[in-house]
Structure formats: C-alpha cells, structure tokens
Amino acid sequence: MTEHTETPMLDFKPITVRDKDWVTKIVMAENSPSADYNFGNMYIWDKYYKQLLCPFEGRLLVKLCYEDKPIFVYPVGQGPVKPAIDVLREHAEQIGCPLVLEGVTEVHKEILEKEYPGKFIFEENEESADYIYLAQKLSSFSGKALHSKKNHCNRFEAEHEWEFVPITKENIPECHEMLISWINDNRERLDESISFELEAIEEAFAVYGQLDMEGGILKSEGKVMGFSLGEMSNSDCFNVHFEKADPSVNGAYPMVCRELCRMVMKNHPDLKYINREDDMGLPSLRRSKLSYKPEYILKKYSARWKDE
C-alpha cells in the first residue's frame, strides 16, 4: 500500500517592502546575474506583474499574472530544487493551469533537464535576455570598439561644467522633473510600454531609501542631464534598472553610463559585471545595448511542463 503524502499548503502573499530582507537572502544565495530576481526590480514592477511570493525550503516561489494567465518563476535559492518544482506542479494542477516557469537561464535549464529528463519543453525568450558587460570597460570605454563612446564623453566634458552625484531623497524631485520632460519630449517615438516603466521609476523613487538601490545624477550648471539607478544582483554584478538622459545633449547617455559604473565600482570593490537588462524586443533598444559591446548575453527561457 502506497503511503499518501499530503501536498504542502503554499501561502502566496502580495509583495511588500517588508519582504526585502528574506527575499534578498534567498536571491543572493542563488548568486545569479539575472535581473529577474532582484527584490527592487520585483517590487517596483509589481503593478505590471501582480506578483505573489512564498518561501519554500530555502527557495523563493513566485506566482504572477501575465496577460491574464498565472505563471511561475524558476524557484531560485539554495538546496535541492526538485521539492520546489514538485510543489509548484501540484499547486498548478490544483488551480487548473499548466506549469510554466519563466526566467529560466541556461544554468536553470540544465538543472531542469537533469532532474526531469524530457519533461519540460523549453522556448527561448530573446526579448528577455540580459545584456551583461564588463564593469571595467564601461567605466573607461577603453578599446577600439568603444572609442566612439569615449569620444562622446570627451566632447561632453569639453563643453560642460559637470558633476555626478548620488541620488538621495532630497534630489529625487529633480530626477522626477527631468523624467517628465524626457517623456514629453520623446513621446512620439516611445513604445506604449513606457507608461509601465514610468510607474516603475516613480515607485522606485517613492521607496528609494527603503530598498538597496544605488543611483547617480549627471548635472551641468545645476541642471539634471540624466540619471541612472539599480542594485546588486549577486556578489559581483550590478543590475542597472533605469538610465535616462537628455538625448539632445551630445554625450549625456554615455556619461551617465560611465559615471554610474565608476560610482558602483567604488562602492563595491569586487564588482566585475554590469547587467543593463533586456531590450524588450525593441530594435532601437537592442541597437543601443549592442553599441556598448556586451561581454555576453544571458539567455532566458520559458519552461513548460509536458502534458501527460
């Protein structure tokens, strides 16, 4: 007679700022450079993804609503992953939906194929791939491939009295004012997803001091020319969530990129990589990210459990 094992009850709850410490502990144990698991990123995009969180045996279970469908995120953390996958399978069956895991990296894909041979169907999500750069290169734009970026910075420095200062609660209103002007000036060429990004940036500003985010502002003659902010995604990689600059000012964008990188490298001596996130499938954004010459691109997959 086979002993019946009752399925553990999963207590999924909406994400709040109070979840930061326990989520960050689990994410840092995973030590992935992926942008998908950082607490700050999860929190500020919650209005879009409507995430529910649940700790389970050293791993983070995330259920979210995307295009009105419940899907899950690969359960990062430490310890065996199989119990977490098994409990997600049972939960998905209970709520009547297929088990689909998002945010699956090559490393995760190998683990799933080893633990469940032939049980998952994988589909690459090119628009979700992260662009990963060497921090040292972005901090100097050294080498022939980045020579044009360096020239733009040289021109900016020759034409402007400038400074790059950390973002604080006190100067966030200046960033917000610049952001609204940037959107108004570029509205015609922007994708409709900019409204979600605007909400995410404003959420980041609203709780900036409560998250582990770091950012900086490029100023010239007292005017904000650009800003950028992000957070550490693992022990040696910084994840840039947002970067905005005045496109009419030559060199403003590469200056913001370079100076944030220098600031973060100073704050984190072991920093090796910069994750500038995905291109959302937008050709213009893809061209921009490729122009900074990524060291590698972190592929992402959807993993769907095969129907029995």
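The values are calculated or read from the model by the stated rules, or taken from the named source; none is laboratory data. Since we're looking at a predicted model, the values are computed, not measured. Methodologically, a virtual Cβ is constructed for each residue, glycine included, from the backbone with ideal geometry; neighbour enumeration extends over all protein chains shown. These area figures cover heavy atoms from the full protein model, side chains too; ligands, DNA and RNA do not enter into them. Shrake-Rupley method; radii C 1.70, N 1.55, O 1.52, S 1.80 Å.
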Do the conditions hold for PRO247, that is, is it under 25 Å from ALA158 (Cα atoms), open to solvent by 30 Å² or more (accessible area, probe 1.4 Å) and part of a loop (DSSP other than H, G, I, E, B)? yes
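For the range 209-225, what are the residues that are open to solvent by 20 Å² or more (accessible area, probe 1.4 Å) and not small (Gly, Ala, Ser)?
GLN210, ASP212, GLU214, LYS219, GLU221, LYS223
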Hey, could you check the range 91-105 for residues that are assigned to a helix (DSSP H, G or I) and open to solvent by 70 Å² or more (accessible area, probe 1.4 Å) and say which is farthest from ASP278 (Cα to Cα)? GLN94
Among the strands (runs of 3 or more DSSP E) lying completely within the range 141-243, list those that include at least 1 residues that are hydroxyl-bearing (Ser, Thr, Tyr). 214-220, 223-232
The listed residue being within 30 Å of ILE85 (Cα to Cα) and either at pLDDT below 95 or not polar (S, T, N, Q) (or both), out of GLY118, GLY209, GLY143: GLY118
Only one of these is farther than 26 Å from CYS237 by Cβ, in contact with a Lys or Arg (Cβ under 9 Å, 6 or more places away or on another chain) and outside any strand (DSSP E or B): PRO83, PRO70, PRO75. Name it. PRO83
Looking at (1) in contact with a helix residue (DSSP H, G or I) (Cβ under 8 Å, 6 or more places away or on another chain); (2) at pLDDT below 95, which is the only condition LYS50 fails? (1)
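Results for (1) of a type in the set (A, V, I, L, M, F, W, C); (2) within 29 Å of SER32 (Cβ to Cβ); (3) more than 21 Å from the chain's Cα centre (by Cα), shown as yes or no for each residue.
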{"site": "ALA135", "(1), (2), (3)": "yes, yes, no"}
{"site": "GLY143", "(1), (2), (3)": "no, yes, yes"}
{"site": "ARG155", "(1), (2), (3)": "no, no, yes"}
{"site": "ALA158", "(1), (2), (3)": "yes, no, yes"}
{"site": "ILE167", "(1), (2), (3)": "yes, yes, no"}
{"site": "PRO173", "(1), (2), (3)": "no, no, yes"}
{"site": "HIS176", "(1), (2), (3)": "no, no, no"}
{"site": "TRP182", "(1), (2), (3)": "yes, no, yes"}
